[in-house]
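The values are calculated or read from the model by the stated rules, or taken from the named source; none is laboratory data. Just so you know, these numbers come straight off a predicted model, no measurement behind them. These area figures cover heavy atoms from the full protein model, side chains too; ligands, DNA and RNA do not enter into them. Shrake-Rupley method; radii C 1.70, N 1.55, O 1.52, S 1.80 Å.
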Amino acid sequence: MKPFSKERGRCQPWGICLGCTWKCICISAVVLLLLAATVGLAVALGLLSHTPVNRFCTAFNNRTGFLCDDSVTCILASQVCDGVSNCRKGEDEQKKLCGDLPNSLPGYLVFRCSNPAHWIYADQRCNRMNDCGDCSDEMGSSAACPPCGLEWWSCSPVLYEYCSCIPRRLCRDGIQHCLSWSDEYICRP
Ligand SMILES: [Ca+2]
Ligand SMILES: [Ca+2]
């Protein structure tokens, strides 16, 4: 009867067995498990560091925002391509976003004014300021802004910077801000 060969059952460095012993099967299983764990970790890390596909987010005061790579930080739309890195890795200033404004920006970051030559960032719509220059970002069906709200007084302003609401703090300050003078005679700050 042929004696048991020590070669039989020996594991090669890469974990392949020449024969079949329990020790060899165990070592092979451990190697496979380690490989699987390494692959799993790599996939998990890859997913974690993956750039968010949809960067739309809502910043403070319900304003349209841009989601940074960390998937947590939501900066204002108007902070994208403003020359300042607001996201940790500067992804709000990358060339593919800012190379051909506004066409290189995702549509949700842009509001087109009535005048086709003018555009503003989406968070400047309905902020009560006349950013378009013709108030199309504050009045009309395209802007679809909510009523003035408690902090504002509704009137036709005399100042170019406002459209249909003036800050209530300007009421009764001795200076006309509404065409009707209602800020000085009716409104209470
Ligand atoms: Ca920026
Ligand atoms: Ca505005």
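Taking every C-alpha pair closer than 8 Å and separated by at least 6 residues, the mean separation divided by the residue count of the range 109-189 gives a relative contact order of 20 percent.
Taking every protein chain into account, the 1.4 Å probe leaves I175 with about 100 Å² of accessible area, to the nearest ten. Computed from phi, the 3J(HN,Hα) profile of the range 146-156 under the Karplus parametrisation 6.51, -1.76, 1.60 (θ = phi - 60°) reads x, x, 3, x, 5, 7, 10, 10, 7, 6, 8 Hz, with x in place of Gly and Pro. Amide H to amide H distances under 5 Å link V110 with A122, where only residues 5 or more positions off or on other chains count and H is placed in the peptide plane. Bridgeable aspartates and glutamates around K23 (alpha carbons under 18 Å apart, same-chain partners fewer than 8 residues away excluded): E7.
In this structure the amide hydrogen of Y162, modeled in the peptide plane, comes within under 5 Å of the amide hydrogens of N130, none closer than 5 places in sequence on its chain. Shape verdict for the range 147-189, please, from the Cα gyration tensor: rounded (a/c under 1.5), prolate (a/b greater than b/c) or oblate. Oblate, since a/c reaches 1.5 and b/c is not below a/b. Karplus-derived 3J(HN,Hα) values for the range 118-132, using 6.51 cos²θ - 1.76 cosθ + 1.60 with θ = phi - 60°, are 10, 9, 9, 6, 4, 6, 8, 6, 6, 9, 6, 9, 7, 7, 6 Hz; glycine and proline are entered as x.
Ordered by 1.4 Å accessible area with all protein chains kept, E93, E151 run largest first as E151, E93.
Evaluate the relative contact order of the range 147-189 (contact order divided by residue number), counting alpha-carbon pairs under 8 angstrom at least 6 apart; express in whole percent. Once normalised by length, the contact order is 35 percent. Amide H to amide H, which residues 5 or more places from W119 or on other chains are under 5 Å from it, using H placed in the peptide plane? Here the answer is C113, since their amide H atoms fall under 5 Å of that of W119. Estimated at the nearest 10 Å², the accessible area of R168 is 60 Å² with a 1.4 Å probe.
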